């Protein structure tokens, strides 16, 4: 499960850097949380322990999901394949294993 989340984060980062993803889409994802922070409307007041931050987290995750959904499919799939190809498990050999 942890590696799936890491791969999603890596995918989003790679899509942000990819010039084939429209700039307006990248800006939209960055503007949604910014607008939410600047507007005085809060779905759940931050003074409420834990619940106050949950709506903030949900909004950020929703913005990232929208980004993934609106990104060009072929670019997303290409980036996913590249991530999978580099995510081959490996282990570090110590000196004795290298020699023998």
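The values are calculated or read from the model by the stated rules, or taken from the named source; none is laboratory data. Since the structure is predicted, the reported quantities are computational estimates derived from the model, not experimental observations. Cβ coordinates were reconstructed from backbone atoms using ideal geometry, including for glycine residues, and neighbour counts include every protein chain displayed.
In table form, for the structure just shown:
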item	result
Qualifying residue in segment 20-31 (condition: loosely packed, with under 15 Cβ neighbours inside 10 Å, over 18 Å from residue 70 (Cα atoms) and free of Cβ contacts under 8 Å to residues at least 12 places away in the same chain)	no
Top-ranked residue of segment 58-78 - restricted to ones that are over 14 Å from the mean Cα position of the chain (by Cα) and either without any contact (Cβ under 8 Å) to a residue 40 or more places away in the chain or within 17 Å of residue 33 (Cβ to Cβ) (or both), ranked as surrounded by the most Cβ atoms within 10 Å (Cβ to Cβ)	78
Selection from segment 47-66 of residues that are at pLDDT below 75 and in a helix (DSSP H, G or I)	51, 52, 53, 55, 56
